[in-house]
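Chemist: Can you keep this structure in mind? I'll have questions shortly.
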Amino acid sequence: DWRRYLNYRTRSALALRLLAAGSAGPDKQQLRLGGPDTFRGADYGTLLGSRAVLGNAEVRFPIIPTTELLRGVVFVDAATVWWEDYPPTLTTSSGPLGFRLQDLRLAFGFGFRAFVGLPLRIDFAIPTNLDTHGDMRTLFAIGWDY
């Protein structure tokens with residue numbers, strides 16, 4: 001788990017996270033990604049495997065400059081999950097760009113953060129394979145950002 005926070009203006013920051021995990025041996029742990037705390041382009045826990053890589057990039061900024069009670073975010077998430085014996089095929093050679101994503105998942109979107117006694121988060125994410133995009137997902141969570 002690697003995280004970096006780069007302030008670029010007063011109360012605004014670029015937040016980066018890279019997470020890699022794996023399980024080996026006869027009793028491999030099943031890793032799950034998806035949902036508001038990992039990959040926002042998939043439902044909670046729907047990406048399964050014994051190995052996983054996740055990357056998040058998020059621009060965080062105040063909506064009301066004089067307070068921290070309401071903040072906005074713009075983000076890009078990328079993730080891939082696979083089983084040890086079946087390595088992922090990240091891209092394929094079709095699509096208008098000459099390639100599209102296959103096992104590498106990508107999502108982008110925006111969200112809001114509010115602190116009203118509890119930290120509330122709502123995100124709107126659009127999954128894409130760089131050729132087409134899926135339906136917008138709405139995710140709600142209680143808790144702090146990464």
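Chemist: Out of the residues in the range 33-61 that are among the basic types (Lys, Arg) and touching a Phe, Trp or Tyr at 6+ places or on another chain (Cβ under 8 Å), state the one that is nearest to VAL74 (Cα to Cα). Spell out the reasoning first.
Modeler: First, pick out the residues of the range 33-61 that are among the basic types (Lys, Arg): 40, 51, 60.
With the extra rule that they be touching a Phe, Trp or Tyr at 6+ places or on another chain (Cβ under 8 Å), the set shrinks to 40, 51.
Working: ARG40: 12, ARG51: 27 Å.
Here the answer is ARG40.
Chemist: Let me ask another. Given the conditions (1) out of contact with any Phe, Trp or Tyr (no Cβ under 7 Å at 6 or more places or on another chain); (2) open to solvent by 70 Å² or more (accessible area, probe 1.4 Å); (3) modelled with pLDDT under 95, which single one is not true for LEU69?
Modeler: Of everything listed in (1) out of contact with any Phe, Trp or Tyr (no Cβ under 7 Å at 6 or more places or on another chain); (2) open to solvent by 70 Å² or more (accessible area, probe 1.4 Å); (3) modelled with pLDDT under 95, LEU69 misses just condition (1).
Chemist: Can you tell me which residues in the range 13-46 are among the polar types (S, T, N, Q) and under 12 Å from the mean Cα position of the chain (by Cα)?
Modeler: Kept after step one, since they are among the polar types (S, T, N, Q), are these residues of the range 13-46: 23, 29-30, 38, 46.
Within the range 13-46, just THR38 meets the criteria.
Chemist: What are the pairs with Cβ atoms under 9 angstrom where one residue, in the range 51-72, is under 17 Å from PHE39 (Cα atoms) and in a loop (DSSP other than H, G, I, E, B) and the other, located anywhere, is of a type in the set (Gly, Ala, Ser) and open to solvent by less than 50 Å² (accessible area, probe 1.4 Å)? Sequence gap at least six, or different chains.
Modeler: From residues that are under 17 Å from PHE39 (Cα atoms) and in a loop (DSSP other than H, G, I, E, B), there are no pairs.
Chemist: A further question on this structure: Name the pairs whose Cβ atoms lie under 8 Å apart, with the first residue in the range 120-138 and closer than 29 Å to GLY98 by Cβ and open to solvent by 40 Å² or more (accessible area, probe 1.4 Å), the second of a type in the set (Asp, Glu) and not in a strand (DSSP E or B), and 6 or more positions between them or separate chains?
Modeler: ARG137/ASP43
Chemist: If I filter the range 114-130 for residues that are in a loop (DSSP other than H, G, I, E, B), under 24 Å from TYR5 (Cα atoms), under 13 Å from the mean Cα position of the chain (by Cα) and modelled with pLDDT under 95, do I get at least one hit?
Modeler: No - not one qualifying residue is present in the range 114-130.
Chemist: Tally the residues that are open to solvent by 70 Å² or more (accessible area, probe 1.4 Å) and small (Gly, Ala, Ser), restricting the search to the range 80-111.
Modeler: Final tally of qualifying residues: 1.
Chemist: Is there a residue being surrounded by fewer than 15 Cβ atoms within 10 Å (Cβ to Cβ) and over 21 Å from LEU90 (Cα atoms) anywhere in the range 14-23?
Modeler: Looking for residues that are surrounded by fewer than 15 Cβ atoms within 10 Å (Cβ to Cβ) and over 21 Å from LEU90 (Cα atoms), one finds at least one in the range 14-23, hence yes.
The values are calculated or read from the model by the stated rules, or taken from the named source; none is laboratory data. Here the structure is a predicted model, which means the values were calculated and not measured. Positions of Cβ are backbone-derived with ideal geometry, glycine not excepted, and every protein chain shown enters the neighbour counts. These area figures cover heavy atoms from the full protein model, side chains too; ligands, DNA and RNA do not enter into them. Shrake-Rupley method; radii C 1.70, N 1.55, O 1.52, S 1.80 Å.
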